[in-house]
Amino acid sequence: MTSAFAPSEQSLVASELPAVDVAIVGAGIVGLSLACALRNSGLAIALIEATPYARQNTKGQAYALHQVSRYFFEEIGVWDKLMPHVQPFEVVQLSDGRFPLTVRFSPEDLGTEAIGYVAEHAAIAETLQSVLQSVDNLTFHCPWRVVTNEVKGDRAQLTLISGDPAAPKVAHLAARLVVAADGGKSPLRQQMGIEPKGWQYGQSCVVATLDVAHPQPVIAYERFWPTGPMGVLPLAGNRYRVVWTLPHPEAEAVAALDDHAFLAKLQPYLDPRMAEITGVSDRFIFPTQLMQVSSYVGDRFVVIGDAAHRCHPVGGQGLNLGLRDVWALAQQILTTPCERLGDRPSLVQFHRQRWWQNALTLGFTDLLNRLFSNAWWPLVGVRRWGLWLLRTVSPLKRLVLRFMAGLLLPLPSDRQFSKAR
């Protein structure tokens, strides 16, 4: 099977596509990462994406990558290629509004060289795409979307429709296992009748990139305000990414301000030691929510990443949870005999491992947001006492940091990503 990662090289004129072992629906970072993890497996893999390729790398997001995500990228052999495009940070500073007490987390609290890393969406996606460019056991179908998924015997039967409105085509693809990695609104999850459970917070995040005048200490800030948390992440080139949580109507109004008015509104909420801001990017907003599906697996079907769960962005957990899903699922696939790939019993272990681990993190982020996005004075006292404990009791501080970094939970132990089946 030849690689066809660039859409200009693909030709999907036949109604029946060659059968594959694993069909990954969604070529975002989670879907790309799973394809990279399986590239040496000898399995036939299809990667299906509905969004035109030219728009894949234009997303303006940036992500805080935790240490466990670094370990995963090292395991699948892409970290060395990704490292030149990430910004390590050595300090996380936690504070409650203008309350003078702050908590500083440092690499010594983890026993690592950095607490975490910040990378922009395009940098991660382009790195993963470059790794997959020469993979012979992968076909990339874009822009094609899945319209039906039916299980027939030992295969799932996908019906795809092309994204060309002038000359749409229909194709059929058989797979032993279908993986839904197509985002929070996951059309495939909806087609499979999997209902998410959770709630909206009534908050939205305003996201912007700031240019600063002079080099700054490489510090990530998490500041809590009654309207919601604010994360400030360092980027390369004297830039910061701001994720500012506000009630939804206020978020829309703030995002619509011109650059001068936006910076005037933002400045009082930033750490006063930040240097002079010389520029700001366009703003975009996204609503916050908590969501988790009741089961990650079905007949020849798995749901991972944002398609399976969403959490409040406090602590930067979202993508990291998705990458942990990929790690666990890839390990499950690699240790399952090919003839059993996609059987529900072989997938239950993945569900049992990841569902409760994700539930713990979702619950913790929910607690943080509710505790700190609140002006009720008894809760204000409780959380400031908690900050004092974190600052004073070093073992507690290390415990909380290791949990947020994903290092308290069990990680896959078998090192099989470099091996062919």
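Can you figure out the FRET efficiency of R104 with A359, using R₀ = 35 Å and their beta-carbon distance, to the nearest 0.05?
Values: r = 29 Å, r/R0 = 0.84.
For R104 and A359, the calculated efficiency is 0.75.
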remark   = Relative contact order of the stretch 23-106 (C-alpha contacts under 8 Å, at least 6 apart) in percent is 20
task = Please give the net charge around G386, taking every other residue with its beta carbon less than 15 angstrom from that of G386, where Lys and Arg add +1 and Asp and Glu add -1.
result = +3
query = On a 0 to 90 degree scale, rounded to 10, what angle separates helix 394-404 from the longest Cα axis of the chain?
reply = 40
ask   = Which trypsin sites (Lys or Arg not before Pro) in the stretch 269-308 pass both tests, a DSSP loop state and at most 15 other beta-carbon atoms within 10 Å?
value = R273
note = The local net charge around N358, scoring Lys/Arg +1 and Asp/Glu -1 for residues other than N358 whose Cβ lies under 14 Å from its Cβ, equals +2
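Percent relative contact order of the stretch 143-287, based on C-alpha pairs within less than 8 angstrom and at least six residues apart?
Reported relative contact order: 22 percent.
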query = If you compute mean projected area of the Cα convex hull in nm² for the structure shown, which of [x] 21.7; [y] 20.5; [z] 29.1 do you land on?
reply = [y]
query = Do any GluC sites (Glu not before Pro) in the stretch 39-145 lie in a loop, going by DSSP, with at most 10 other beta-carbon atoms within 10 Å of their beta carbon, and if so which?
reply = E113
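Using a 1.4 angstrom probe, figure out how much accessible area the stretch 44-150 has per residue, in square angstrom, rounded to the nearest whole.
For the stretch 44-150, the solvent-accessible area averages 39 Å² per residue.
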inquiry  = Could you check the spin-label model distance between L367 and A166? Points 7 Å from the Cα along Cα→Cβ, value in nm.
reply    = 5.7
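Using R₀ = 30 Å, calculate the FRET efficiency as 1/(1 + (r/R₀)^6) where r is the Cβ-Cβ separation of S294 and Q216; round to 0.05.
Working: r = 44 Å, r/R0 = 1.48.
According to the calculation, E is roughly 0.10.
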request  = Excluding L82 itself, calculate the net charge of residues whose Cβ lies under 11 Å from the Cβ of L82, where each Lys or Arg counts +1 and each Asp or Glu counts -1.
outcome  = -1
Gain on full stretching of the segment that runs from L257 to R384 - 0.36 nm per residue minus C-alpha separation = 42.4 nm
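Given a Förster distance of 60 angstrom, what is the FRET efficiency for W376 paired with R340, based on the Cβ-Cβ distance and rounded to 0.05? Mind showing how you got there, number by number?
Working: r = 53 Å, r/R0 = 0.89.
Efficiency for this residue pair is about 0.65.
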Extreme residue, positive dipole direction of the chain, given options L399, H312, L160 (C-beta unit charges) = L399
ask   = Which is farthest toward the positive dipole end of the chain among H260, V206, V146, measuring Cα position about the Cα centre, with Cβ charges +1 (Lys, Arg) and -1 (Asp, Glu)?
value = V206
key: Those trypsin sites (Lys or Arg not before Pro) in the stretch 76-155 that DSSP places in a loop and that have at most 16 other beta carbons within 10 Å   = R98
message = Pairs of alpha-carbon atoms within less than 8 angstrom and 6+ residues apart define the contacts here; what relative contact order does the chain have, in percent?
response = 21
query = For the residue pair E150 and E16, what label-to-label distance in nm results when each label sits 7 Å from Cα along the Cα-to-beta-carbon direction?
reply = 1.6
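The values are calculated or read from the model by the stated rules, or taken from the named source; none is laboratory data. Not measured: the values here are computed from a predicted model. Please note: Cβ atoms are built from the backbone with ideal geometry, for glycine as well, and neighbour counts cover all protein chains shown. In case anyone asks, the SASA skips ligands and DNA or RNA and just uses the protein heavy atoms, side chains included. Shrake-Rupley method; radii C 1.70, N 1.55, O 1.52, S 1.80 Å.
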